[in-house]
Ligand code: AVI
């Protein structure tokens, strides 16, 4: 298996250049801080809409998840970040169960998990937080046995940042960890007007641009590259054929970028206008999301949505 440094290098020497399968490059300390600002931007409807669906339906989501009222519940979350939206569900779960519950947030950012733990201690004190610092894409997580109902939460439409193969792999792994009666709660962003989608990924404050350019800074800081940020700009494209918003950084001139990797020097050549494909945000139709879940052996049980049908929150069963 290639290590991350080699994957980066091969993504940059390939044509077209792409790092879009390396989500981990976005969420170093700086990237995680910028992402916290993205979710506050007016144009980024995804987080705001999902939060309002959760607020309006938290009790029903929990009641539907735990079919047997006497069953105990535990909650696991992939890519939990600071868990700010999850606190709504955790509060509903504690109320429903009438006692403390265990919450296992999984994330690669230890600083985000520390913040999740301290804010949950104030907001929902009856939650026992058991953080797991892991890259859930590359490191398989194993849940301890539990004689109750496990709810795995995967919200924020993060599944849309992965290729269909990688998304199926992630969901299949979740499926392997669950037993009959357990559930997956998946948040997905649905296909819609590019006039809504494009500003969501190109806010007027330049926060999303900074988030993607930070990937180059991350390569400079951690992987020995010397990208000059003045010579690149952020570019966003709606790819109708693949139903995804593509995020690129474009070289403003013909240039060379150097990388020293394991004491070897490598040169990356850029033409003017050449881009690095940095990230995809897949937008789903009902058929696509059903197929993705079915391919990982999940069946959709219930869907909550907003008035525009922009975001779906889905309960799926094994
Ligand atoms: C985390 N993920 C679902 C975000 C998205 O909408 O694709 C990441 C993001 N990238 C730019 N803005 C938000």
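Nothing in this text is a laboratory measurement; each read-out follows from the coordinates by a stated rule. What you see is a predicted model, and the numbers here were worked out from it, not measured in a lab. Glycine gets a Cβ as well: all are built from the backbone with ideal geometry, and neighbour counts include every protein chain shown.
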Please list, in order, the residues from the range 1-29 whose amide nitrogen is less than 13 Å from a point placed 7 Å along the Cα→Cβ vector of residue 165. 21
Please tell me the relative contact order of the chain in percent, rounded to the nearest whole number, where contacts are Cα pairs under 8 Å and at least six residues apart. 21
Report the paramagnetic label zone for residue 10: residues of the range 135-175 whose backbone N is under 20 Å from a point 7 Å from Cα along the Cα-to-Cβ axis. 137-140, 162-170
Of the range 222-236, those with amide N under 19 Å from the point 7 Å along the Cα→Cβ vector of residue 110 are 222-223
Here the percent of antiparallel bridges among DSSP beta bridges lying wholly in the chain, to the nearest 5, is 60
Using Cα centres only, tell me the gap between the range 180-256 and the range 107-140 in whole Å. 25
Let me check against my output: what whole-number percent is the relative contact order of the range 114-270, with C-alpha pairs under 8 Å and at least 6 apart? 14
Between residue 143 and residue 198, the two model label points (7 Å from Cα along the beta-carbon direction) sit apart by a distance in nm of 4.2
Among rounded, prolate and oblate, which fits the range 113-161 when a ≥ b ≥ c are the square roots of the eigenvalues of its C-alpha gyration tensor, a/c under 1.5 means rounded, and a/b larger than b/c means prolate? oblate
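Of the peptides 86-97, 232-243, how do they stack up when ordered by the mean number of other Cβ atoms within 10 Å, highest first?
For the peptides 86-97, 232-243, the packing ranking is 86-97, 232-243.
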